[in-house]
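Notes follow the structure.
No lab work stands behind these numbers, since they all come straight from the coordinates. From a predicted model like this one, the values you see are computed outputs, not experimental measurements. Cβ placement follows ideal geometry from the backbone for every residue including glycine, while neighbour counts extend to all protein chains displayed.
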């Protein structure tokens, strides 16, 4: 199948911009060669998403002609894409993702909010949805409030969960009566019934049919929590994707035409390929990379209105996605201020600043969301806000990405007296292999060193972690491409999508300032030997080019741990990158910045100067 692919068009129809990329088989490997973009046209006056697709692909076609000095290259024919390819004309496949029109918006219901409710939320988020609300029997809101909430939100669909197979049906029936009383209407289109997926206790299916069958578009699938000890999210996620295409996308202007365009070779024949919600596609490529390389991956996409966090942790390759719908860098920037507080933002600013000046900058950004910083000081302030947005989005992700609550498990003697229970987070920063950043503030930072600084300060990686950014937000395209060719998706991911920044080495623990935290002996690729006993509270940046590795002997001191236990030496190969290797002895659990204003500014300037994050003009 991969051999049949020589030229692939991939688009991501965003809420404001449609981005198109051309992937070609060049010199024995798949590479991303040309990129084009155009405004999304799902809204008035054009009301046809395919117009934006044609405009973006037409721009890409012109750039391809210039790149190859070949005027015969033709990707579009009037108002359609050319597939299958014949010589220089057309492409072998066209795939697309979409978040236009606000993406996929859902509500979920469950019996117990922290058990079946959370399982339903995980299924919806994993399918690429924004979860507008979770309604559960035990969420303490009165029934009339829940009914009013369902009516007001007008989601694209509702996912109902509740009860384990063979358990009581009483509370599931109550939730069905609530939904039936609300008689919810869909957000898009008025001529069809709101799709509702029931993925709960199999014994309650007849009750659900009697209560809701006439009022809504009811779809029944396997219980996503068949027992307390197990989760089965796959069937519910598949149904969400199917309904997204069959019902929701059909109501959005032009999508019925676009859905006929997306085709590619499957088992030797051209077949239709589903359009994916953009976040689901990003999650798909994350899982593909983690599985193929057998690594643990954490990714973040920070946008103007929301921040998505994705994680895949081994050995079971557990995938989780969260959407922090109130944390973003333009439309939601005031919510970052409300969540973090002004003092937590100012603590990242390496110069004295009046609080009113920062408040004015935040409000101006919210009023004019498309503006970018004009002064260096404004850039520093925006990146300080980004650190807090990323930090709180990650906190929310860790709280959600947990082992199953309610499940019983055997506990070893070492756990007998601990407070640990099921429901602990599965996110383990010490075992994380790769941290990937995406979104304008990270991908388009003027210096890659600033991206490294923001990711380390926000996520506080532990042990040895490789850092990377998505160069031009190509991950959605590759996520849907992986459905027809993992080889093409992973090759482009490694060679064109991801820019590897380097590695971060960070011992965990706390000791007194000035005491030796880490003794290092690192042989750099150019033959230079770096040796130092690094005190606690310091940062070092070593040059190590992209594609090369440094051999390191790392000895944590003063009770610190770098992955093998307190004071345990390790030998490792550290990956280089466009920034290099960061040695961070500022401590974890907790990470502390001085509260005194003068001392804080002094320490921040020292760290930022070592990381080469900003010009000396701002750090003097």
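Some notes on this structure:
- Residue order, fewest to most surrounding Cβ atoms within 10 angstrom, among 203, 12: 203, 12
- Added length on full extension, which subtracts the Cα-Cα distance from 0.36 nm per residue, residue 568 to residue 74: 171.8 nm
- Protection proxy ranking for 72-78, 381-387, using the average of other Cβ atoms within 10 Å per residue and placing the highest first: 381-387, 72-78.
- Residues of segment 78-98 falling in the label zone of residue 272, defined by backbone nitrogen less than 19 Å from a point 7 Å along Cα to beta-carbon, are 80-84, 93-98.
- If you model segment 433-519 as an ellipsoid using its alpha carbon gyration tensor, with each semi-axis the square root of five times an eigenvalue, the axes come out at 31, 15, 9 Å, biggest first.
- A compact globular protein would have a Cα radius of gyration near 2.2 N^0.38 Å; the ratio found for segment 166-265 is 1.25.
- Pairwise centroid distance, computed over Cα atoms, of segment 463-531 with segment 584-612, Å: 22 Å
- One Cα centroid belongs to segment 8-49, the other to segment 153-206; the line between them spans 36 Å.
- Kirkwood analysis of the Cα pair distances in segment 323-402 returns a hydrodynamic radius of 12.9 Å.
- Using the Stokes-Einstein relation with a Kirkwood hydrodynamic radius computed over Cα pairs, the translational diffusion coefficient of segment 103-251 at 20 °C and a viscosity of 1.002 mPa s comes to 146 µm²/s.
- When the helices of the chain are scored as -39500 (n - 2.57) per DSSP H run of n ≥ 4 and the total is divided over every residue, the value at 222 nm lands at -9500 deg cm²/dmol.
- Share of pairwise Cα separations in segment 228-275, more than 14 Å, in percent: 61 percent
- Percent RCO, i.e. relative contact order, over segment 2-100, from Cα pairs under 8 Å lying at least 6 residues apart: 30 percent
- Multiplying the residue separation of residue 88 and residue 46 by 0.36 nm and removing their Cα-Cα distance gives an extension gain of 12.1 nm.
- Radius of gyration over Kirkwood radius for segment 491-620, both on Cα atoms: the Rg/Rh ratio is 1.00.
- Computed log₁₀ I(q)/I(0) - Debye formula, equal Cα scatterers, no solvent, segment 2-100, q 0.16 Å⁻¹: -0.63
- Annotation: the antiparallel percentage among DSSP beta bridges lying fully within the chain is about 65.
- Once the C-beta distance of residue 620 and residue 58 is scaled by a Förster radius of 30 Å, the resulting FRET efficiency is 0.05 to the nearest 0.05.
- Relative contact order [Cα under 8 Å, 6+ residues apart], segment 507-589, whole percent: 38 percent
- Relative contact order [Cα under 8 Å, 6+ residues apart], the chain, whole percent: 11 percent
- Of the Cα atoms belonging to the chain, the radius of gyration and Dmax stand at 25.5, 75 Å.
- The calculated FRET efficiency for the pair residue 114 and residue 533, based on their C-beta separation and a Förster distance of 51 Å, comes to about 0.65.
- Length gained on full extension, residue 368 to residue 596, computed as 0.36 nm times the residue gap minus the Cα-Cα distance: 78.7 nm.
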